[in-house]
Amino acid sequence: MYYNIHTHSEIESKEVWSLVNANPATIIPISSKHYSVGLHPWHLDAHTLEEAMAAVRQVAAMPYVWAIGECGLDRVCETEWSLQQKAFQMHIALSNELKKPLLIHAVRSHQEVLQWLRKYHHQQAVIFHGVNHKGIDSLWSAGHFVSFGKALLNPKSEASKAIQHVAADSYFLETDDDATVTIQEIYAVAATYRCQSIDQTIQEITQNFRSIFIS
Ligand SMILES: [Zn+2]
């Protein structure tokens with residue numbers, strides 16, 4: 001089984017288990033699927049935050065929701081910083097309350113995200129999705145998971161360097177919102193970087209999946 005830990009596509013396949021990022025306001029769940037729900041820092045609105053978060057909370061408790069997010073902090077988007085922090089804090093609390101993993105979107109804010117997770121005593125598994133920056137090591141050194149996506153297709157990317165030595169028990173793979181690449185292709189590239197077979201990559205990620213979701 002291939003695990004796609006973060007995708008915006010609902011395309012079905014027997015050999016792929018996908019964690020589909022869903023909008024809590026528009027989700028029409030299919031019971032055979034697996035979702036993450038949260039408020040992306042790009043799309044926050046100070047006037048509707050409480051309401052939007054109430055919608056997340058309602059959906060997040062459902063059994064078809066496997067993770068909270070994507071949520072986090074983004075230094076490059078236009079959303080006001082204090083609003084981002086407020087929303088992120090709410091997601092950390094919800095993840096703790098429901099005991100579901102947190103799926104993080106972070107741009108130029110990884111150290112701050114780490115600080116916030118400590119500050120608010122986050123106790124669930126954390127997956128930093130779409131990592132591709134200097135210092136990816138510091139995330140798995142802190143005990144978190146990192147998920148690599150299409151940045152692996154660029155041999156000069158930070159992701160391509162990091163995947164070569166990421167601890168086997170600390171990573172996932174994903175396609176995110178890119179419909180031009182399949183998760184099987186991402187696995188193949190990852191396996192090449194790690195000098196191992198695709199089967200071995202499948203084994204490592206299956207193990208990581210079980211450690212978070214089946215325990
Ligand atoms: Zn995404």
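Applying D = kT/(6 pi eta Rh) to the chain, where Rh is the Kirkwood radius over alpha-carbon pairs, T corresponds to 4 °C and eta to 1.567 mPa s, the Stokes-Einstein value obtained is 75 µm²/s.
Helix content alone sets the calculated 222 nm mean residue ellipticity of the chain: runs of n ≥ 4 DSSP H residues at -39500 (n - 2.57) each, divided across all residues, give -11000 deg cm²/dmol.
In terms of packing, defined here as the mean over residues of other Cβ atoms within 10 angstrom, the peptides 194-205, 89-100 line up highest first as 89-100, 194-205. Each label was represented as a point 7 Å from its Cα along the Cα-to-Cβ direction; for LYS33 and SER13 these points are 1.6 nm apart. Could you check the spin-label model distance between ASN154 and TYR64? Points 7 Å from the Cα along Cα→Cβ, value in nm. Calculated label separation equals 3.6 nm. Taking Cα atoms only, the orientation of helix 198-213 departs from the longest principal axis of the chain by about 30 degrees.
With the highest mean first, a sort of the peptides 165-177, 66-78 on other beta-carbon atoms found within 10 angstrom per residue produces 66-78, 165-177. To the nearest ten degrees, helix 110-119 and the longest principal axis of the Cα atoms of the chain are 60 degrees apart.
If the segment from ASP137 to ASN96 were pulled out straight at 0.36 nm per residue, it would be longer than the present Cα-Cα gap by 12.3 nm.
With R₀ set to 45 Å, the beta-carbon distance separating SER197 from ASP177 gives a calculated FRET efficiency near 0.95.
Just so you know, all these numbers are worked out from the coordinates, no wet-lab data involved. In this text the structure is predicted, and so the values were computed from the model without any measurement. So basically every Cβ, Gly included, is an ideal-geometry build from the backbone, and we count neighbours across all protein chains shown.
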